[in-house]
Amino acid sequence: MYSISGYGSMIADSIRNDAYARALRKTITPGSVVVDIGAGSGLFALLACQCGARRVYAIEPADTIYLAKEMAAANGYADRIEFIQDYSTAVTLPEQADVVVSDLRGVLPFFQQHLPSIIDARQRLLKTGGTLIPQQDSLWAAMAEAPELYNRLSAPWLSNPYGLDTRAGWRIASNTFRKGMALPEHLLVEPKCWACLDYRSIESPDVNGELTWNVNREGTAHGICAWFDTTLAEGAGFSNAPGLPELIYGNVFFPLTEPVNLEKGDAVIVRIHANLVGCDYIWRWETRVLGRGEPGCVKADFKQSTFFGTPLSPSRLRRQAESYEPELNEDGQIDQLILSLIERRIALGEIATQLNERFPHYFRDHLDALSRVGELSQKYSF
């Protein structure tokens, strides 16, 4: 979920919003039904009404939907927008939409349940022949000489003023990526498209691509910069490519395990994989550099993944093993009791009282127990 300042940054991104407004004007006709997925503060829903939509279903799981309701009332659209606080995949509507609009991306379009949500909306919520906004995102990448972006990740682990060896941290940090704006002069090779997400036909949330370059410019490669171009509707779109005005998305910088000196004639092969696991993506980027393009002259062969980007204890890994037989700890016992009492329709205050009696050493007071009960009530109750 975004903070209010995050939603403010989205509203302030005039390039993004102007492109979406053009797309909505091109696709909405008087009487159109529109579904806004991940409505946030409600900007797209308001624009849809402004374009003549008869009915807008604004779907948003976060409490910011109440801000969107206030904004709808302030603009005279409260009677034309139905606000639904939930995930779109859990919503059934009384009618299908002529237009489904969304911006569920992170720095790249692979963000949490973005693709499954769009696939589901296309199949269930959109009329046959209806319009998706966006229609397509194209993913681009290039090798980059970007010491500043690289050092932001590596410097804390590769040098310190105390003479300590902290390189073990870089082994983990080098398997993460960061948001950062690259410049055209950072790019050592011509950008290439490594994947295209056509939302009108895509079926899988997993995407991979392979890129090959013959190096024509010497330099030191620090990582791979990636970005996307979007087609929202015919004649409406934007790009966050290096050199263009900065958007809220930024670029992605995938660091290399270590910098590599590239010379003219070298060959670079990069494979990028994005696989949805649970609620988020596991990224892999594999980089192979061949001196003068010769298979027997390997200058670099890196295999990196966000799977290795988080410290994992052996005990934590053991508890995730398929053969592990779990036993509830005290936190689990507390949650189990809360959920069993919620199922019996017991008032939250009474549940908190029972928690204090059952686990007197765990909670400071009644309010502390009530806070724990309230968290589970928000997550699991109607």
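Conditions (1) outside any helix (DSSP H, G or I); (2) in the same structural domain as ASP206 (by TED's automatic domain parsing); (3) surrounded by 22 or more Cβ atoms within 10 Å (Cβ to Cβ), marked per residue:
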{"site": "GLU95", "(1), (2), (3)": "yes, no, no"}
{"site": "VAL107", "(1), (2), (3)": "yes, no, no"}
{"site": "ASP120", "(1), (2), (3)": "no, no, no"}
{"site": "ALA182", "(1), (2), (3)": "yes, yes, yes"}
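With respect to the conditions (1) over 18 Å from TYR281 (Cα atoms); (2) among the charged types (D, E, K, R); (3) out of contact with any Leu (no Cβ under 8 Å at 6 or more places or on another chain); (4) in the same structural domain as THR231 (by TED's automatic domain parsing), GLU203 lacks only one, and its number is (1). Of all residues in the stretch 263-275, those satisfying the criterion of being out of contact with any Leu (no Cβ under 6 Å at 6 or more places or on another chain) and on the phi < 0 side of the Ramachandran plot are GLU263, LYS264, ASP266, VAL268, ILE269, ARG271, ILE272, HIS273, ALA274, ASN275.
Flag set for ASP198, criterion: out of contact with any helix residue (DSSP H, G or I) (no Cβ under 9 Å at 6 or more places or on another chain) and not aromatic (Phe, Trp, Tyr). Applying a threshold of 8 Å to beta carbon distances and a minimum spacing of six or more residues, or different chains, the list of pairs starting in the stretch 333-346 at a residue that is more than 19 Å from PRO360 (Cα to Cα) and ending at one that is crowded, with 16+ Cβ neighbours inside 10 Å and β-branched (Val, Ile, Thr) reads ILE342/ILE351. On the given criteria, is ILE202 among the aliphatic types (A, V, I, L, M), part of a loop (DSSP other than H, G, I, E, B) and under 30 Å from TYR87 (Cα atoms)? In short, yes. Which of the residues that make up the stretch 219-248 are in a loop (DSSP other than H, G, I, E, B) and either exposed (fewer than 13 other Cβ atoms within 10 Å of the Cβ) or among the hydrophobic types (A, V, I, L, M, F, W, C) (or both)? Answer for the stretch 219-248, where residues must be in a loop (DSSP other than H, G, I, E, B) and either exposed (fewer than 13 other Cβ atoms within 10 Å of the Cβ) or among the hydrophobic types (A, V, I, L, M, F, W, C) (or both): GLU234, GLY235, ALA241, GLY243, LEU244, PRO245, GLU246, LEU247, ILE248. Scanning the stretch 263-283 for residues that are in a strand (DSSP E or B) and surrounded by fewer than 18 Cβ atoms within 10 Å (Cβ to Cβ) yields ILE269, ARG271, HIS273, ASN275, VAL277, ASP280, ILE282. Select from the stretch 160-180 the residues that are of a type outside the set (Val, Ile, Thr), surrounded by 13 or more Cβ atoms within 10 Å (Cβ to Cβ) and in a loop (DSSP other than H, G, I, E, B) and list them in ascending order. If the condition is that a residue be of a type outside the set (Val, Ile, Thr), surrounded by 13 or more Cβ atoms within 10 Å (Cβ to Cβ) and in a loop (DSSP other than H, G, I, E, B), then SER174, ASN175, PHE177 are the ones that fit.
Condition check ((1) surrounded by fewer than 22 Cβ atoms within 10 Å (Cβ to Cβ); (2) in contact (Cβ under 8 Å) with a residue 40 or more places away in the chain; (3) in a helix (DSSP H, G or I)) across all residues:
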residue: ASN17; (1), (2), (3): yes, no, yes
residue: ALA21; (1), (2), (3): yes, no, yes
residue: LYS26; (1), (2), (3): yes, yes, yes
residue: PRO30; (1), (2), (3): yes, no, no
residue: VAL35; (1), (2), (3): no, yes, no
residue: GLY40; (1), (2), (3): no, no, no
residue: ALA48; (1), (2), (3): no, yes, yes
residue: GLY52; (1), (2), (3): yes, no, no
residue: TYR57; (1), (2), (3): no, yes, no
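Every condition in (1) touching a Leu at 6+ places or on another chain (Cβ under 7 Å); (2) modelled with pLDDT of 95 or more is met by PRO109 except one, and the failing one is (2).
Of all residue pairs spaced 6 or more apart or on separate chains, those with beta-carbon atoms under 8 Å, a first member in the stretch 156-171 that is of a type in the set (Val, Ile, Thr) and a second member that is loosely packed, with under 12 Cβ neighbours inside 10 Å are THR166/ASN160. What are the residues in the stretch 69-93 that are touching a strand residue (DSSP E or B) at 6+ places or on another chain (Cβ under 6 Å) and not in a loop (DSSP other than H, G, I, E, B), if any? Listed by number, the residues that qualify are LYS69, ALA72, ILE81, GLU82, PHE83, ILE84, SER88.
THR64 meets the conditions (1) modelled with pLDDT of 95 or more; (2) surrounded by fewer than 23 Cβ atoms within 10 Å (Cβ to Cβ); (3) touching a helix residue (DSSP H, G or I) at 6+ places or on another chain (Cβ under 7 Å); (4) over 18 Å from THR27 (Cα atoms) in every case but one. The failed one is (1). Conditions: (1) touching a helix residue (DSSP H, G or I) at 6+ places or on another chain (Cβ under 8 Å); (2) assigned to a loop (DSSP other than H, G, I, E, B). PHE44 meets all but one. Number of the miss? Condition not satisfied by PHE44: (2). Taking (1) part of a helix (DSSP H, G or I); (2) in the same structural domain as ARG200 (by TED's automatic domain parsing); (3) surrounded by 17 or more Cβ atoms within 10 Å (Cβ to Cβ) in turn, MET143 satisfies each apart from (1).
Residues of the stretch 187-194 include at least one that is buried (at least 16 other Cβ atoms within 10 Å of the Cβ), under 20 Å from the mean Cα position of the chain (by Cα) and of a type outside the set (S, T, N, Q). Being at pLDDT 95 or above and either aliphatic (A, V, I, L, M) or closer than 30 Å to GLY31 by Cα (or both), is that true of even one residue in the stretch 177-188? Yes, the stretch 177-188 has at least one match.
The values are calculated or read from the model by the stated rules, or taken from the named source; none is laboratory data. Small disclaimer: the values here were computed from a predicted structure and weren't measured. Don't worry about glycine lacking a Cβ; one is built from the backbone with ideal geometry, like all the others, and counts go over all protein chains shown.
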